[in-house]
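The values are calculated or read from the model by the stated rules, or taken from the named source; none is laboratory data. Bear in mind that the values here come from a model prediction, so they are computed numbers and not experimental data. All Cβ positions, glycine included, derive from the backbone under ideal geometry; neighbour counts span all protein chains shown.
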Amino acid sequence: MKVSQTFIPTLREVPADAVIVSHRLMFRSGMIRKLANGLFAYLPLGLKSFRKVERIIREEMDAIGSLEIKPTVVVPGELWKESGRWETFGDGMLRVKNRLDNDFVVSPTAEEAFTSIVRDELNSYRQLPLSLYQINTKYRDEVRPRYGVMRGREFVMKDAYSFHTNDESLDEHYQAMGRAYRRIFKRCGLTVIPVKADSGAMGGSGSEEFMVESEVGDNTLLLCKSCEYAANVEKAACKPDFNPRPSVELARAAASSTPPLEKIDTPEVKTIEELCGFLKTNAKTFIKTLIYKAVNVELDLREAPGCSKLNRVKLAPEAPELYPEAFFAVAIRGDLDVNEVKLAAQLKASEVMLAADTDVVRLTGCPVGFAGPVGLASLPVIVDHTVTALSDAVTGALAKDLHYKHAAYGRDFEAWLIADVRTVKAGDRCPLCGGELYEKKGNELGHIFKLGYKYTKSMNVSYLDVDGKSAIPTMGCYGIGLDRTLASVIEEHHDDDGIIWPVTVAPYQVIIVPIKYDGAVKEFADRIAGDLEKSGLEVLLDDRDERPGVKFKDADLTGIPFRLVVGDKNLAGDNPKVEVKRRSEKENRLVEAGKVVEELSRLIQNEIAELNK
């Protein structure tokens, strides 16, 4: 391909809204252009690399027996109502109506579509396990799309869904997917960090994310300095720095020597910091109590304090019953923060948020800042494990300017639910080996879930088992963001001059740069381009009438792995040579013209083989 025959509008200036490296370089190298906020068009150079990523993913999916299909992007809203996510997914889902006033969804994810397809065709256990995938367009109406294709509104994902007769079969395929993901990212030249993760809006139990380190990452990762433990902060656990007492009897015994509960005046003292100064102690001796509102709670609350009159509804005939809104008190040690993702998972809620001040006053009977678990009967009290170890603590007394001291779990209050709802932070201890945890920022490229029966139950999927009885299949879900993967390759492989593509995802493998494209140089450049293409390499020939410096700048910017410079000086004489430079290296070298095809083929095949190991 000649540069004059393609469309590569490179830029010297950085776009004003481009914050991260991949956004800047994808614009400057002519890979993408912006149509609207969060909506990007791939130009020829960008699309070629995008297709390389797509091909790698397709090859690895096919290799583990997953079968490609192509569902529609627009999905009937009725399917989302069946699963119960029509109301619970949130504002990120684009809902549309057709001319007949029927509801449709522009897919943000594809569980409902795949489950519906399988439901209509599944009859016997002999058809399982079954693994299907698509590479298709998605849309999520992000509030603040940013960082180019790293977080756009429209994007392309590989979604795979598997259906199984039992957990053992699901786990086997889940592990195969995990291995395939590791191969995919390695072949793309990416260094990924697999981490334990929360399943989020997709539901399910087992979950693993594949992250790349990024200074502007949306995710905080906790990693151990001593072992391989890695987790998203939403899921991260740590070794306790206390002796938990989950048994009320043990807690009461520990509090036997604690002085009786006592009210103390704390005028205008609300925050933990103010209390520490006022009482001259530290936050580890306090119980912090926060009031949360949870939305779409599936957990059964009929026996929970203050919840007997809550309205329990079904958003669709086959959807699970849930509470559209419920409130909870969460008690945690004063130096720690509540992990809202963990809390939502415990409550099987689509979302949790701090209650409004008016709701706090209504539910606790006291101003904000004075809530505590002692005597709080109007709400279910969720107690973090850290609180079970406190047998002599300070906490709010449910009255203005009053706190309790000598509060003891088990003696003065109990829990409706004991759970790990703390946010783990750098410096905490690894739950596996006790080593110190540290933080990194990361972006998610892929995510695999064990969905279980969440969708097959709500959408009435069944088959006849080996005994001829009706059974429900269990599911797995496996996603990769192609746009993010491509952008992350650039984030990891670049320098001040531009992109440095791994050869497996480069738009072209070789760029030929004639010093002046005429005469003997033109003849040789054309011939060597043809020879390289015949050998199976992808070649771009810069035939423009530009200064060599401009061509070299563009070659570095676009990041093509090998540059071949052809000039009169090196072609002259009995032993003509050409200059070969690897984009990732500073120095170039001269190669005999007659050996350059063999040399480049060897170098490129070696690099591909190394990435494909």
Answer yes or no: is there a residue in the stretch 358-366 that is within 23 Å of ARG422 (Cα to Cα), in the same structural domain as LYS405 (by TED's automatic domain parsing) and hydrophobic (A, V, I, L, M, F, W, C).
yes
Set ARG126, ARG144: member being assigned by TED's automatic domain parsing to the domain that holds PRO108 and under 30 Å from LYS469 (Cβ atoms):
ARG126
Candidate set from the stretch 254-275 (those that are in a helix (DSSP H, G or I) and free of Cβ contacts under 8 Å to residues at least 24 places away in the same chain); member that is surrounded by the most Cβ atoms within 10 Å (Cβ to Cβ)
GLU274
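Being touching a helix residue (DSSP H, G or I) at 6+ places or on another chain (Cβ under 8 Å) and either in the same structural domain as GLY481 (by TED's automatic domain parsing) or aromatic (Phe, Trp, Tyr) (or both): is that true of PRO71 here?
Judged against the criteria, PRO71 is a match.
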Subset of the stretch 319-338, residues within 26 Å of TYR455 (Cα to Cα) and assigned to a loop (DSSP other than H, G, I, E, B), comes to ALA319, PRO320
Being among the β-branched types (Val, Ile, Thr) and part of a loop (DSSP other than H, G, I, E, B) is the filter here; which residues of the stretch 583-592 pass it?
none
Taking the stretch 43-61 as the region of interest, how many residues are in contact with a helix residue (DSSP H, G or I) (Cβ under 7 Å, 6 or more places away or on another chain) and closer than 18 Å to THR6 by Cα?
4
Mind counting the residues in the stretch 470-510 that are over 21 Å from LYS138 (Cα atoms) and small (Gly, Ala, Ser)?
4
Give the residues of the stretch 96-151 that are within 17 Å of MET61 (Cβ to Cβ), assigned to a strand (DSSP E or B) and more than 19 Å from the chain's Cα centre (by Cα), sorted by residue number.
LEU130, SER131, LEU132
If you go through PHE27, PHE7, the only one that is surrounded by fewer than 19 Cβ atoms within 10 Å (Cβ to Cβ), closer than 13 Å to THR558 by Cα and not hydroxyl-bearing (Ser, Thr, Tyr) is PHE7
Only residues that are closer than 30 Å to VAL19 by Cβ and either touching a Cys at 6+ places or on another chain (Cβ under 7 Å) or assigned to a helix (DSSP H, G or I) (or both): list them for the stretch 457-487, please.
LEU482, ASP483, ARG484, THR485, LEU486, ALA487
From the list PHE7, PHE50, PHE27, PHE40, exactly one residue is part of a loop (DSSP other than H, G, I, E, B), over 27 Å from GLU172 (Cα atoms) and outside the structural domain of GLU325 (by TED's automatic domain parsing). Which is it?
PHE7
Provide a single number: the residues in the stretch 104-145 that are surrounded by 17 or more Cβ atoms within 10 Å (Cβ to Cβ) and over 23 Å from GLN175 (Cβ atoms).
15
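Tally time: how many residues in the stretch 461-520 are charged (D, E, K, R) and touching a strand residue (DSSP E or B) at 6+ places or on another chain (Cβ under 9 Å)?
Looking only at that region, the number is 5.
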For the stretch 226-247, enumerate the residues that are surrounded by fewer than 20 Cβ atoms within 10 Å (Cβ to Cβ) and either among the acidic types (Asp, Glu) or assigned to a strand (DSSP E or B) (or both).
GLU228, LYS239, ASP241
Does GLY481 satisfy the condition of being touching a Lys or Arg at 6+ places or on another chain (Cβ under 6 Å), modelled with pLDDT of 95 or more and either closer than 30 Å to ASN166 by Cα or assigned by TED's automatic domain parsing to the domain that holds CYS188 (or both)?
no
Within the stretch 534-582, how many residues turn out to be out of contact with any helix residue (DSSP H, G or I) (no Cβ under 7 Å at 6 or more places or on another chain) and part of a loop (DSSP other than H, G, I, E, B)?
12
Considering each of LEU250, LEU223 in turn, give the residue that is among the aliphatic types (A, V, I, L, M), touching a residue at least 40 places away in the same chain (Cβ under 8 Å) and crowded, with 16+ Cβ neighbours inside 10 Å.
LEU223
Would you tally the residues in the stretch 521-544 being touching a strand residue (DSSP E or B) at 6+ places or on another chain (Cβ under 6 Å), surrounded by fewer than 21 Cβ atoms within 10 Å (Cβ to Cβ), within 22 Å of GLY559 (Cα to Cα) and not charged (D, E, K, R)?
1
Filter the stretch 58-87 for residues that are touching a Leu at 6+ places or on another chain (Cβ under 9 Å) and of a type in the set (D, E, K, R); the one that is surrounded by the most Cβ atoms within 10 Å (Cβ to Cβ) is ARG85
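Given the structure, is ALA294 part of a loop (DSSP other than H, G, I, E, B), within 30 Å of ALA389 (Cβ to Cβ), outside the structural domain of LYS457 (by TED's automatic domain parsing) and at pLDDT 90 or above? Can you show your working first?
On the way: part of a loop (DSSP other than H, G, I, E, B): no; within 30 Å of ALA389 (Cβ to Cβ): yes; outside the structural domain of LYS457 (by TED's automatic domain parsing): yes; at pLDDT 90 or above: yes.
In short, no.
Yes/no per residue for (1) in the same structural domain as THR88 (by TED's automatic domain parsing); (2) surrounded by 20 or more Cβ atoms within 10 Å (Cβ to Cβ); (3) modelled with pLDDT of 90 or more:
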position: ALA160; (1), (2), (3): yes, yes, yes
position: ASP171; (1), (2), (3): yes, no, yes
position: ALA180; (1), (2), (3): yes, yes, yes
position: ARG183; (1), (2), (3): yes, no, yes
position: ARG187; (1), (2), (3): yes, yes, yes
position: ALA197; (1), (2), (3): yes, yes, no
position: PHE210; (1), (2), (3): yes, yes, yes
So, first residue in the same structural domain as GLU82 (by TED's automatic domain parsing) in the stretch 94-110, second residue assigned to a strand (DSSP E or B) and surrounded by fewer than 11 Cβ atoms within 10 Å (Cβ to Cβ), Cβ within less than 8 Å, six or more apart or across chains; the pairs are ASP103/LYS97; PHE104/LYS97
Identity of the residue in the stretch 304-313, more than 18 Å from PRO373 (Cα to Cα) and either not assigned by TED's automatic domain parsing to the domain that holds PHE328 or not basic (Lys, Arg) (or both), that ends up surrounded by the most Cβ atoms within 10 Å (Cβ to Cβ):
LEU310
Residue that is crowded, with 22+ Cβ neighbours inside 10 Å, at pLDDT 95 or above and either outside the structural domain of LYS457 (by TED's automatic domain parsing) or within 19 Å of LYS405 (Cα to Cα) (or both), where the choices are ALA349, ALA329
ALA329
For residues that are in a loop (DSSP other than H, G, I, E, B) and in contact with a strand residue (DSSP E or B) (Cβ under 8 Å, 6 or more places away or on another chain), scanning just the stretch 354-372, find the one that is surrounded by the fewest Cβ atoms within 10 Å (Cβ to Cβ).
ALA356
